[in-house]
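One structure is given below, encoded as structure tokens.
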Amino acid sequence: MEQSSKRVRSELPSGDPTLLNKVAWSRRWSDPLSSVDFAKTARSTAMKGSGRRSRVQHGLALCSLAWHAKWRGNLDEAMGYCLSAESYLPERDYPEPRARIYSILGGLHFARNRFDLANCALDRGFWLLRDTPDEGVAEAMVDLLLTRAVVQRHTGERARAGITLGRAQELGPEEMRPGVDYCTATWLLSDGDAEAARIRGVTALETARTQNNTMMMPYLLGLLGSCDVKLGRMDDASTNLETGLRLATEGQDERVTCFLHRHLAQRDTELGKLDEAKVHLETAARLAKRLNHSFERKRIALQLADLFERLKDYKKAVHQHNLAWRLQNETRMS
């Protein structure tokens, strides 16, 4: 007589999206385009299933897609993925992925000059991880800390940002080391210490290359190029910035492409190539506007205003100053 099985038939469709989600998340730094493909496949597979497990895997796929969309600068797309993911991942049952979502939301709100909403999102993320040992959620915690440090740095809390970065340095798993070092170097550069920033950036780039972290490389090359401009190392600046722009274009990362054009404009301005600088800044401005990146638009507008003053085109300079003021007035701090 055949024995009856006590196993419950899986509610998931064939091609369990759990493994697809794990592969998508593990490849996000080294092969972002492949990671997105795996996440999309995991999502479509989960949507064919039913029950709690399918819903969870659907939510985790949306988390990966939101993370990539934020990094590429597609703010509206990232916001949509985050809001959808929240409906599949209840906070009580999935505090770590929800904390990751809140970190992404913090970055999105910051990019739109809504520092108040950014801090609210980050506060919620930290609250969700409050009772979990740091080593159990190090990745999500470091994500939150890095985003918090960026917000603190741009709201005048420079000392606090340094403390926050120090905490991220203590907790950061090895795969997040390039990102932690990048944020720390950016903090040092904004504080006027280009030499220390460059040293930290070189270390981060070496780590990224060792890990094949292709996502961080154009960001780090942009940082090093900006340091080189400050230090008067124009040949090195050109090499780093142009290599970074090539990698950003290949990786279809419009956010860092925007950053790199702004850095290239800084280089050309220092070299007295004002017309070339204008081309780079206008390209950056178009990208930032299309991405709805208000914070970056303000920085570019101020840089363009300064450039037009150098070119003695005062009408355009006033226009850019007015744009920067309008974007500043839209900023919400609390």
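The values are calculated or read from the model by the stated rules, or taken from the named source; none is laboratory data. None of the values given here were measured: they were computed from a predicted structure. Every residue, glycine as well, gets a Cβ built from its backbone with ideal geometry; the counts of neighbours run over all protein chains shown. Quick note on the areas: whole protein, heavy atoms, side chains included, nothing else; ligands and nucleic acids left out. Shrake-Rupley method; radii C 1.70, N 1.55, O 1.52, S 1.80 Å.
Tabulated values for the structure
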{"read-out": "In the stretch 254-270, the residues that are under 17 Å from the mean Cα position of the chain (by Cα) and open to solvent by less than 10 Å² (accessible area, probe 1.4 Å)", "value": "VAL256, CYS258, LEU260"}
{"read-out": "LEU231 modelled with pLDDT of 95 or more, out of contact with any His (no Cβ under 9 Å at 6 or more places or on another chain) and not aromatic (Phe, Trp, Tyr)", "value": "yes"}
{"read-out": "Qualifying positions in the stretch 97-125 - open to solvent by 30 Å² or more (accessible area, probe 1.4 Å) and either modelled with pLDDT under 95 or basic (Lys, Arg) (or both)", "value": "ARG100, ARG112, ARG114, ARG124"}
{"read-out": "Verdict on ALA277 being touching a Ser or Thr at 6+ places or on another chain (Cβ under 6 Å), closer than 14 Å to HIS261 by Cβ, buried (at least 17 other Cβ atoms within 10 Å of the Cβ) and not aromatic (Phe, Trp, Tyr)", "value": "yes"}
{"read-out": "Filtered residues of the stretch 39-52 (kept if open to solvent by less than 60 Å² (accessible area, probe 1.4 Å) and at pLDDT 90 or above)", "value": "ALA39, ALA42, SER44, THR45, ALA46"}
{"read-out": "In the stretch 307-329, residue farthest from GLY272 (Cα to Cα) [restricted to those that are assigned to a helix (DSSP H, G or I) and open to solvent by less than 70 Å² (accessible area, probe 1.4 Å)]", "value": "LEU327"}
{"read-out": "From ARG198, ARG209, ARG299, residue being open to solvent by 60 Å² or more (accessible area, probe 1.4 Å), over 18 Å from the mean Cα position of the chain (by Cα) and not small (Gly, Ala, Ser)", "value": "ARG209"}
{"read-out": "Subset of the stretch 190-200 (residues that are assigned to a helix (DSSP H, G or I) and farther than 16 Å from GLY166 by Cα)", "value": "SER190, ALA194, GLU195, ARG198, ILE199"}
{"read-out": "Residue match in the stretch 62-81 (condition: in a helix (DSSP H, G or I), farther than 21 Å from SER26 by Cβ, open to solvent by less than 10 Å² (accessible area, probe 1.4 Å) and not small (Gly, Ala, Ser))", "value": "yes"}
{"read-out": "Where ALA69 falls short, out of the listed (1) more than 26 Å from LEU247 (Cα to Cα); (2) without any contact (Cβ under 8 Å) to a residue 24 or more places away in the chain", "value": "(1)"}
{"read-out": "Residue identified as free of Cβ contacts under 8 Å to residues at least 12 places away in the same chain, out of contact with any strand residue (DSSP E or B) (no Cβ under 6 Å at 6 or more places or on another chain) and not aliphatic (A, V, I, L, M) among ASP228, ASP235, ASP191", "value": "ASP235"}
{"read-out": "Residue satisfying all of: in the stretch 126-169; β-branched (Val, Ile, Thr) and assigned to a loop (DSSP other than H, G, I, E, B); modelled with the highest pLDDT among these", "value": "THR155"}
{"read-out": "Cross-chain or 6+ apart pairs with Cβ under 9 Å, the stretch 257-270 first and within 10 Å of SER226 (Cβ to Cβ) and touching a residue at least 12 places away in the same chain (Cβ under 8 Å), then in a helix (DSSP H, G or I) and among the basic types (Lys, Arg)", "value": "ARG262/ARG299; GLN266/LYS230"}
{"read-out": "Failed item, numbered, when LEU245 is tested on (1) open to solvent by less than 30 Å² (accessible area, probe 1.4 Å); (2) closer than 30 Å to SER35 by Cβ; (3) modelled with pLDDT of 95 or more", "value": "(1)"}
{"read-out": "Within the stretch 212-244, considering residues that are in a helix (DSSP H, G or I) and β-branched (Val, Ile, Thr), the one nearest to the chain's Cα centre (by Cα)", "value": "THR243"}
